[in-house]
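Worksheet for the structure shown next.
Laboratory data are not the source of any read-out in this text; all were calculated from the coordinates shown. As the structure is a prediction and not an experimental result, all values here were calculated from the model. Here the Cβ positions follow ideal geometry from the backbone for every residue, glycine too, while neighbour counts run over all protein chains shown.
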Amino acid sequence: MNNRLRIGILGDFTPEFHSHHATNACLQHAADKLGFAVDSQWLPTPSSFKPDAEDALAQYDGLWASPGSPYKSMAGMLRGIGFARTRGWPFVAT
């Protein structure tokens, strides 16, 4: 069994947003408690329009839609959410 999870965080990381640091800490805390290693990566909302966006999203074990609107691209956020919802991909939104 692989104990390493890859989580893609849909959102535009902003160092001034406490909630963005809390999202990172939450993932690490949960992984530590469950005995998993977690690799998380923030995925800027405009990246959902890259030609290989679906392949890139499929590399993650789960996706998290971050708090912090307005996003650089609301359409990009919705596209990332749509990817998860139409495929039954593990998904959390805050």
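Can you show me the helix-derived [θ] at 222 nm for the chain, built from DSSP H runs with n ≥ 4 at -39,500 (n - 2.57) apiece and divided by the number of residues, rounded to the nearest 500.
Using -39500 (n - 2.57) per qualifying helix, the result is -12000 deg cm²/dmol.
Largest first and to the nearest Å, give the Cα extent of the chain along each principal axis.
Ordered largest first, the chain gives principal extents of 35, 32, 18 Å.
Give me the percent relative contact order of the chain, please, defined on Cα pairs under 8 angstrom at least 6 residues apart. Please report the intermediate quantities before stating the final value.
Working: 148 pairs, mean separation 34.5, N = 94.
Worked out over the chain, it gives 37 percent.
If I build a Gaussian network model for the chain, linking alpha-carbon pairs within less than 10 angstrom, which residue out of Leu27, Leu57, Leu43 has the largest mean-square fluctuation?
In this elastic network of the chain, the residue with the biggest mean-square fluctuation among Leu27, Leu57, Leu43 is Leu27.
Would you mind computing, in nm to one decimal, how far apart the modelled labels at Asp61 and Lys33 are, each placed 7 Å from Cα along Cα→Cβ?
1.6
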